[in-house]
Amino acid sequence: MDGITFGRTSLLCTLLLWGFQVCSGTVTVNVAPKVEVLKGESAKLPCTYKSSPSSNIIVEWYIDEQGTRKRVALSHGDQRKSDDDTPLSGRVTIGEDFTLTISAVQPSDERDFYCQVAAGSAGVGEGTTMLQVFFAPEKPELTKPSSQAISVDQSSSSQIGTCVAMNGHPQPRIIWFKDDQPLPEIKDRAEKTHMVPSVVKEASGLKTATNTLYMQPTRADKDSVFHCVVEYSMPGDQIMQKMSNTITINLNYRSEKATFSLLNTDPVKEGDAVTMKCETDGNPQPEFEFTHDDNFVKGESGVLKLKSVKRTDAGVYLCKATDYDNLDADLSGTIILNVNYLDPVSVTPAEPQVVMLGDKVEWQCKTKGSATHTVQWKKGSEVLSQDGTLAIQAASYEKAGEYVCVGAVPSVPGLTAMASVNLTVKGKPMIETPAVGEVSKEGDMVTLKCAAYGVPAPQFTWKPSGKESVSVEGGKVVSTVTLEATPEVMKDGVKCEVSNEHGKTSETFLVSLKRAIGNSADRADKQQGGSSGVVVAVVVCVLLLLLMVALIYFLNKKSKLPCGKKDKKDMAGGEVNNDIVVEMKTDKANEEAGLLNKRPSTDK
């Protein structure tokens, strides 16, 4: 073929190709590249197109089913329908805008969806949408193996725990933590620390992730805390996490030293319960034995308990342990136990004391303790002596009663001892100061009380007598009598006579009328009235004095008062008997002339 023929042939092909493109037209389909939805919700997959020319439009949605395309919905003119015998049958619809809606989305719906638009002579266009389904897994559960403790001397890795996160989509990821620090994700089983993951697809289409941690722990891991976290995806590129419970491992390791300690925090005193504990830094704890001053003492699980210790329990206690995995270690400890004590308090004389009124009494109190102690004599809460001696110079009825000697060791709280003695004072009865009886009027009944001290108990006689009752109040005897307030009683009172084998005494109780409140008020009114009269009298006197001064001034001004010329001259000359000179000055001429009986001056 020559060049001219080739050129003509190329031009003809180009014209034919251009003509084909013009005749066939174009179809452009627009879809969302990705649609995200939560399991159980509805998903909407939009589809729009542009076509030139646009006629006889057919829109179809397809999915891949076992390597072949399968239509799930169709829109042609006024016809819109979903296809049967598809995984989406009964859950898919196509709208007027060609949007494909899938209800109750399941994990199995996660796939590519194809929107195909046929526009007759304009051709066919297609767009692909990826549907992604999400579902948060349950909180992960962490469990330990039921096997025995792990030994740090093992040459192979041991199972620490298994973490399970159930029912998530897409597949969740499990991360291990030790003491809140993430562990590297190592799947190589040859490593001392590694993980073995696995995933199970449930019938629901959700995925359950399992991850087992293996380690070859060291002694430093005896207190380590492990937990796992499940990490999963949610719509909008969100990465979420849920944390499991925590576990610790039961780790066995040899003992290297022992600790022997006294658990009592306060100083030990006689009668206390004492607890001593022996333990090693190994696990499990070995066997222990206890001795006290080289004598075997029985303990249990490294704990030695002594009930109600005595001073003889003081001394050196030894704890010794034997760890067969480390026989060369010195696993022993000692405690020096001090037991504080205080001897019973002795009082001399110890028997109750009975003395006569006014006699002297003295006691001595002694004790002995393991440390510096104090001795106090007390009656009630009052401290009477702090040197062990209590002396009463003159016994009285008020000083009768119980006295207590208290011994104590201040450095040991609660370490005390005490003894008591009783003092009885005998003597002639003594009557308290009598109170005056009051009645509203003569002839009323009056009640009187006569209180007296005395040992033996005093006997009462009332003169005149009445209805009587006797009671005991503390260390005194009280006789109460009720009788009529006769004129004799109002005049002479009532006599209370008290006696015992040591003598007798008496007091007279006066009976008077009650003061009436009304009478007091009248007296107050009278006093107030008298005061008011005095005030009125003073005011009247002042007014009369003012009137008198005014009258004198008026008469003097009218020249009604007699004044001799000689007097005027003497006054004018400034000479007055008794060498008294009175000089009067005023700036007002008329007023001066009136007072001196002169005419007003006309000089200018």
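Side notes on the structure shown:
- Restricting the first member to the range 346-359 and to residues that are at positive phi and at pLDDT below 95, and the second to residues that are outside any strand (DSSP E or B) and of a type in the set (A, V, I, L, M), the beta-carbon pairs closer than 9 Å and six or more apart or on different chains are Gly358/Ala394; Gly358/Ala395.
- Count of residues meeting criterion [touching a residue at least 40 places away in the same chain (Cβ under 8 Å) and among the charged types (D, E, K, R)] in the range 459-504: 4
- Against the list (1) outside any loop (DSSP other than H, G, I, E, B); (2) out of contact with any Gly (no Cβ under 8 Å at 6 or more places or on another chain); (3) not β-branched (Val, Ile, Thr), the condition Asn30 fails is (2).
- Members of the range 80-92 that are exposed (fewer than 15 other Cβ atoms within 10 Å of the Cβ) and either within 10 Å of Lys44 (Cβ to Cβ) or in contact with a helix residue (DSSP H, G or I) (Cβ under 8 Å, 6 or more places away or on another chain) (or both): Pro87
- Of everything in the range 307-340 that is of a type in the set (A, V, I, L, M, F, W, C) and part of a loop (DSSP other than H, G, I, E, B), the residue that is surrounded by the fewest Cβ atoms within 10 Å (Cβ to Cβ) is Leu327.
- Residues that are outside any loop (DSSP other than H, G, I, E, B) and buried (at least 19 other Cβ atoms within 10 Å of the Cβ), drawn from the range 341-352: Leu342, Val347
- Test for Val124: is it assigned by TED's automatic domain parsing to the domain that holds Val29, more than 19 Å from Ala220 (Cβ to Cβ) and surrounded by 13 or more Cβ atoms within 10 Å (Cβ to Cβ): yes
- Residue list for the range 246-272, restricted to those being of a type in the set (Lys, Arg), surrounded by fewer than 18 Cβ atoms within 10 Å (Cβ to Cβ) and either more than 30 Å from Ser147 (Cα to Cα) or within 39 Å of the chain's Cα centre (by Cα) (or both): none
Table: residues versus (1) hydroxyl-bearing (Ser, Thr, Tyr); (2) assigned by TED's automatic domain parsing to the domain that holds Gly475; (3) under 43 Å from the mean Cα position of the chain (by Cα); (4) within 17 Å of Pro349 (Cβ to Cβ).
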| residue | (1), (2), (3), (4) |
| --- | --- |
| Ser385 | yes, no, no, yes |
| Thr389 | yes, no, no, yes |
| Ala395 | no, no, no, yes |
| Lys399 | no, no, no, yes |
| Ala408 | no, no, yes, no |
| Gly414 | no, no, yes, no |
| Ala417 | no, no, yes, no |
| Ser420 | yes, no, no, yes |
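- Qualifying residue in the range 245-263 (condition: aliphatic (A, V, I, L, M), within 30 Å of Gln154 (Cβ to Cβ) and not in a strand (DSSP E or B)): yes
- Met166 being over 44 Å from the mean Cα position of the chain (by Cα) and modelled with pLDDT of 95 or more: no
- Of everything in the range 53-79 that is of a type in the set (Ser, Thr, Tyr) and under 17 Å from Glu96 (Cβ atoms), the residue that is modelled with the lowest pLDDT is Ser54.
- The range 146-218 holds strands (runs of 3 or more DSSP E) entirely within its bounds, and those carrying 3 or more residues that are in contact with a strand residue (DSSP E or B) (Cβ under 7 Å, 6 or more places away or on another chain) and over 23 Å from Gln238 (Cβ atoms) map to 158-168, 194-201, 207-215.
- Residue, surrounded by the fewest Cβ atoms within 10 Å (Cβ to Cβ), within the range 127-156, restricted to residues that are within 26 Å of Thr208 (Cβ to Cβ) and modelled with pLDDT under 90: Ser146
- Summed over the range 269-302, the residues that are among the β-branched types (Val, Ile, Thr) and under 13 Å from Ile335 (Cα atoms) give a count of 3.
- Val472 vs. criteria among the aliphatic types (A, V, I, L, M), touching a Leu at 6+ places or on another chain (Cβ under 7 Å), at pLDDT below 95 and outside the structural domain of Lys378 (by TED's automatic domain parsing): no
- Enumeration of residues in the range 40-78 that are surrounded by 15 or more Cβ atoms within 10 Å (Cβ to Cβ) and either on the phi > 0 side of the Ramachandran plot or under 60 Å from the mean Cα position of the chain (by Cα) (or both): Ala43, Leu45
Condition check ((1) among the β-branched types (Val, Ile, Thr); (2) over 46 Å from the mean Cα position of the chain (by Cα)) across all residues:
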position	(1), (2)
Phe98	no, yes
Phe113	no, yes
Val117	yes, yes
Phe135	no, no
Val152	yes, no
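- Some residue of the range 296-309 being farther than 30 Å from Ser151 by Cα and without any contact (Cβ under 8 Å) to a residue 12 or more places away in the chain: yes
The values are calculated or read from the model by the stated rules, or taken from the named source; none is laboratory data. Given the structure is predicted, the values throughout are model-derived calculations rather than measurements. Heads up, the Cβs are rebuilt from the backbone with ideal geometry, glycines too, and the neighbour counts pull from every protein chain shown.
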